[in-house]
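Trainee: Quick one: structure below, then a few questions.
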Amino acid sequence: MEYPATQHQHFAVFPIAAFNDNYIWCIQPESSDQVWVVDPGDAAPVIAALTQKKLRLAGILITHHHRDHTGGIDALLRHFGKQTPVYGPDNTAIHGISHPLTKQGDYRLTAGHTTLSLQLYAVPGHTLDHIAYLIDDALFCGDTLFCAGCGRLFEGSAEQLYQSLQKIAQLPQDTKIYPAHEYTLSNLKFAAMAEPDNQALASFTEQAKQLRQQQRPTLPSSVARELAINPFLHCDDARLAPILSQHWQTAADSAVTRLKLLRQWKDNC
């Protein structure tokens, strides 16, 4: 199924669906027939979509090492050419990275006839190698932040994830958020348990249900929306403490503790 593109000042972004709930985001610079793809866990839908749209692959951006984000790299390089640059974490577990990114900061990536100027953020927590790409007002954050949720703590600590989420929360509120999974309805159901009185959450839940009934993505989100509806961005708010303390029968007396308890609660739902 072809989804509509989101327009930004210098590029458009459109998703390619993969597996059960992954989105492979495609970044198409203005007036270009080339695209950059983010986290291609599966090559087949990418090849099919780009062929249909008569687009060429400029480069690949990887956020972390999980196979549902990296599994399509080799096949894409075979199809589009071994010279296609692959940017991502400096992690030897990811086969195919040609340009490892080792430091936070500003980068200018050039491939084919396209150039991407971006800011790189280290956002460990879900994994230790996790990075996110901010391109103008679009953040590609892999599995660190989802609409109304966040990634599981597979490798990092709650403290690391808290700091990573704070980096995202401090971006301009009109920043568009492009996570890698369509987890929104499940996340909203949990968020309503954690914050039953959140009216913004209840309102967006109805909107998200309508989008999914129409087989449309609930993404991108935005920093403003996530600040309103995402309990994992509310851990500095002591109002979360009573419901977490009641659920876990333990004190929830710090932001990091509240994040840890929230994530454990969601893991068990």
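The values are calculated or read from the model by the stated rules, or taken from the named source; none is laboratory data. Because the structure is a prediction, the values reported are computed rather than measured. Reconstructed Cβ throughout: ideal geometry from the backbone, glycine too, with neighbour counts over all protein chains shown. Protein only, heavy atoms only, side chains kept; ligands, DNA and RNA dropped before computing areas. Shrake-Rupley method; radii C 1.70, N 1.55, O 1.52, S 1.80 Å.
Trainee: From the list Lys103, Lys82, exactly one residue is closer than 23 Å to Ile177 by Cα, charged (D, E, K, R) and open to solvent by 80 Å² or more (accessible area, probe 1.4 Å). Which is it? Show your work before the answer.
Mentor: On the way: Lys82 fails: closer than 23 Å to Ile177 by Cα.
Result of the check over Lys103, Lys82: Lys103.
Trainee: Val38 versus (1) out of contact with any helix residue (DSSP H, G or I) (no Cβ under 7 Å at 6 or more places or on another chain); (2) open to solvent by 20 Å² or more (accessible area, probe 1.4 Å); (3) over 14 Å from Gly112 (Cβ atoms): which is the lone unmet condition?
Mentor: Only one criterion is unmet by Val38, namely (2).
Trainee: Now for a separate question. Name the residue, out of Thr70, Thr63, Thr110, that is surrounded by fewer than 19 Cβ atoms within 10 Å (Cβ to Cβ) and hydroxyl-bearing (Ser, Thr, Tyr).
Mentor: Numbers: Thr70 fails: surrounded by fewer than 19 Cβ atoms within 10 Å (Cβ to Cβ); Thr63 fails: surrounded by fewer than 19 Cβ atoms within 10 Å (Cβ to Cβ).
Answer to the selection: Thr110.
Trainee: Specify which of the listed residues (Thr218, Thr114, Thr127) is under 26 Å from Asn268 (Cβ atoms) and touching a Ser or Thr at 6+ places or on another chain (Cβ under 7 Å). Give the derivation first.
Mentor: On the way: Thr114 fails: under 26 Å from Asn268 (Cβ atoms); Thr127 fails: touching a Ser or Thr at 6+ places or on another chain (Cβ under 7 Å).
That would be Thr218, the only listed residue that is under 26 Å from Asn268 (Cβ atoms) and touching a Ser or Thr at 6+ places or on another chain (Cβ under 7 Å).
Trainee: Here are Gly72, Gly81: which of them is under 23 Å from the mean Cα position of the chain (by Cα) and not charged (D, E, K, R)?
Mentor: On the way: Gly81 fails: under 23 Å from the mean Cα position of the chain (by Cα).
Checking each option against the conditions leaves just Gly72.
Trainee: Also: Among the residues of region 148-197, how many are in contact with a Phe, Trp or Tyr (Cβ under 7 Å, 6 or more places away or on another chain) and under 17 Å from Leu261 (Cβ atoms)?
Mentor: Residues meeting the conditions: 4.
Trainee: Another question about this same structure. Six or more apart or on different chains, Cβ under 7 Å: which pairs go from a residue in region 238-253 that's of a type in the set (Phe, Trp, Tyr) to one that's open to solvent by less than 40 Å² (accessible area, probe 1.4 Å)? Could you list them?
Mentor: Trp248/Leu261
Trainee: Among the candidates Leu116, Leu61, Leu109, Leu101, single out the residue that is within 19 Å of the chain's Cα centre (by Cα), touching a residue at least 40 places away in the same chain (Cβ under 8 Å) and over 19 Å from Leu145 (Cα atoms). So that I can check it myself, show each step before the final result.
Mentor: Values: Leu61 fails: over 19 Å from Leu145 (Cα atoms); Leu109 fails: within 19 Å of the chain's Cα centre (by Cα); Leu101 fails: touching a residue at least 40 places away in the same chain (Cβ under 8 Å).
Just one listed residue meets the conditions, Leu116.
Trainee: Could you say which residue among Gln28, Gln52 is open to solvent by 10 Å² or more (accessible area, probe 1.4 Å) and more than 21 Å from the chain's Cα centre (by Cα)?
Mentor: Numbers: Gln28 fails: more than 21 Å from the chain's Cα centre (by Cα).
Criteria check complete, one pass: Gln52.
Trainee: Of everything in region 227-241, what is open to solvent by less than 10 Å² (accessible area, probe 1.4 Å) and under 16 Å from the mean Cα position of the chain (by Cα)? Give them in sequence order. Please lay out each step first, then the result.
Mentor: We begin by selecting, within region 227-241, every residue open to solvent by less than 10 Å² (accessible area, probe 1.4 Å); these are 229-232, 235, 240.
The answer is Asn230, Phe232.
Trainee: Hand me the list of helices (runs of 4 or more DSSP H) wholly inside region 156-226 holding 3 or more residues that are touching a residue at least 40 places away in the same chain (Cβ under 8 Å), surrounded by fewer than 19 Cβ atoms within 10 Å (Cβ to Cβ) and of a type in the set (S, T, N, Q). Talk me through it step by step, then tell me what you get.
Mentor: On the way: elements: 158-169, 184-194, 199-213.
Fully inside region 156-226 and qualifying: nothing.
Trainee: Across region 2-16, what is the number of residues that are in contact (Cβ under 8 Å) with a residue 60 or more places away in the chain and either open to solvent by less than 50 Å² (accessible area, probe 1.4 Å) or in contact with a strand residue (DSSP E or B) (Cβ under 6 Å, 6 or more places away or on another chain) (or both)?
Mentor: Qualifying residue count, region 2-16: 6.
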